[in-house]
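A short worksheet on the structure shown next.
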Amino acid sequence: MSRVYNFSAGPAVLPEEVLKEAADEMMDYRGCGMSVMEMSHRSKMYDDIINEAEADLRELLNVPDNYKVLFLQGGASLQFAAVPMNLMKNKKAGYIVTGQWAKKAYQEAKVYGDAVELASSADKTFSYIPDCSDLPITDDMDYVYICENNTIYGTKFWQLPNTKGRELVADVSSCFLSEPVDVTKYGVLYGGVQKNIGPAGVVINIIREDLITDECLTGTPTMMKWKTQADNGSMYNTPPCYGIYICGKVFKWLKNMGGLEVMKQRNEEKAAVLYDFLDNSKLFRGTVVKKDRSLMNVPFVTDNDELDAKFVAESKAVGFENLKGHRTVGGMRASIYNAMPKEGVEKLVEFMADFEKKNI
Ligand SMILES: *Cc1c(COP(=O)(O)O)cnc(C)c1O
């Protein structure tokens, strides 16, 4: 067996311990004679799996009792519609557009109501987070929406926007569980798990209870009403059982690692290895304004398309996978989620230093 260093933005690297455990339990989950994939979601066995997953997630993120945790399907992208469908009582909301995922959410919301662009960083290819201290937020807005970590462009909100009393809704797909979070600052936070937590197919929503109501937009599918899912413990229909089971294992892994304070510190150390190199390099440079840099997604370029392509090809040949930048921005991007060991980043930097020497 040989594993590569996988810098994919998503689906992305998972902890080896988790993959090994899942492999061990594949044929016979704890003596029940079947795989978790094969068991009824209504069984006691599975009930324990999903309940334990929720309890561990609550413990990790310190989720208050008045917030529901939902395990849903359809990816983060389906929530782009579910958010307005469930929250747009006044049919008006503000969107801060800091990249493609925020833009997609904004465009989707426009289908259902008056979505207002409050701020944008499109003028500089989303390479920074706009000042969000005094945005034109009005009292009739049902919520203010952000994408907290911009997976494609590598920026992160290090300070949440001043929402002027409106509910904050955040897509946290690519920073989920990378650091401690004060859940009480959000009305809703949600994310697809394939970036930092588990297999694609599961999306986790954490929603303050009073925001879960029957008053959804007319025509909201039963499945997309958070109330339906909350009333049925995320099991109105068959949930993505196996995916949730793997998420549960990752939660246990995070707890064993020491929790989110420890992960934050590890992630800061890891990212610093790469950013310090980029800041001193004569060939490579990071593309993001320093204060807004993500700890999870690190885009960089040489400013020469041919050299970029050469770098991607040569790095792949020696076992660094998925360093090519997003198809819309080019260059390179290293995604260094929780499960990427520091050693992986150190080896990448060694390789970059060597490439620099040979190509400058
Ligand atoms: C990947 C990603 C999405 C899209 O997720 P899907 O599960 O493919 O719908 C949305 N938002 C962010 C921030 C992402 O990184």
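The values are calculated or read from the model by the stated rules, or taken from the named source; none is laboratory data. Since this is a predicted model, take the numbers as computed values, not measurements. FYI the Cβ positions are ideal-geometry reconstructions off the backbone, even for glycines, and counts take in every protein chain you see. These accessible areas exclude ligands, DNA and RNA; they are computed on the full protein's heavy atoms, side chains included. Shrake-Rupley method; radii C 1.70, N 1.55, O 1.52, S 1.80 Å.
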Compactness summary of the stretch 142-239: radius of gyration and Dmax from Cα atoms, Å, are 14.3, 39
Per the helix-only model, the chain has a calculated mean residue ellipticity at 222 nm (DSSP H runs of ≥4, -39500 (n - 2.57) each, divided over all residues, rounded to the nearest 500) of -11500 deg cm²/dmol
Length gained if Asp131 through Glu356 is fully extended, taking 0.36 nm per residue and subtracting the Cα-Cα distance, is 77.5 nm
Output ordering of 229-242, 97-110 (per-residue mean of other Cβ within 10 Å, highest first) is 97-110, 229-242
Of every hundred units of 1.4 Å-probe accessible area on the stretch 15-90, the number belonging to carbon and sulfur atoms, as a percent, is 50
Excluding ligands, DNA and RNA, the carbon-plus-sulfur percentage of the accessible area of the stretch 152-304 with a 1.4 Å probe reads 47
Links exceeding 32 Å between C-alpha atoms in this model, out of Lys68/Lys92; Lys20/Lys225; Lys227/Lys270; Lys89/Lys270; Lys20/Lys282, come to Lys20/Lys225; Lys227/Lys270; Lys89/Lys270; Lys20/Lys282
Between Lys347 and Arg285, the two model label points (7 Å from Cα along the beta-carbon direction) sit apart by a distance in nm of 3.0
In this structure, the FRET efficiency calculated for Ser43 and Lys316 from their beta-carbon separation, with R0 = 41 Å, to the nearest 0.05, is 0.40
Mean accessible area per residue over the stretch 275-330 (1.4 angstrom probe, all protein chains present, square angstrom) is 54
Semi-axes in Å, largest first, for the chain (Cα gyration tensor, √(5λ)) are 33, 28, 16
Of Lys264, Lys156, Lys310, the most mobile residue in a GNM of the chain (C-alpha springs, cutoff 10 Å) is Lys310
Most packed first (mean Cβ within 10 Å per residue), the peptides 213-226, 80-93 order as 80-93, 213-226
Rounded to whole angstrom, the alpha-carbon centroid of the stretch 28-65 lies from that of the stretch 156-202 at a distance of 23
With the 1.4 Å probe rolled over protein heavy atoms, the stretch 1-130 has an accessible area per residue in Å² of 49
Total charge of the residues flanking Glu117 in space, meaning their Cβ is under 12 Å from its Cβ, with Lys and Arg +1 and Asp and Glu -1, is +1
Between Thr238 and Asp123, the two model label points (7 Å from Cα along the beta-carbon direction) sit apart by a distance in nm of 5.2
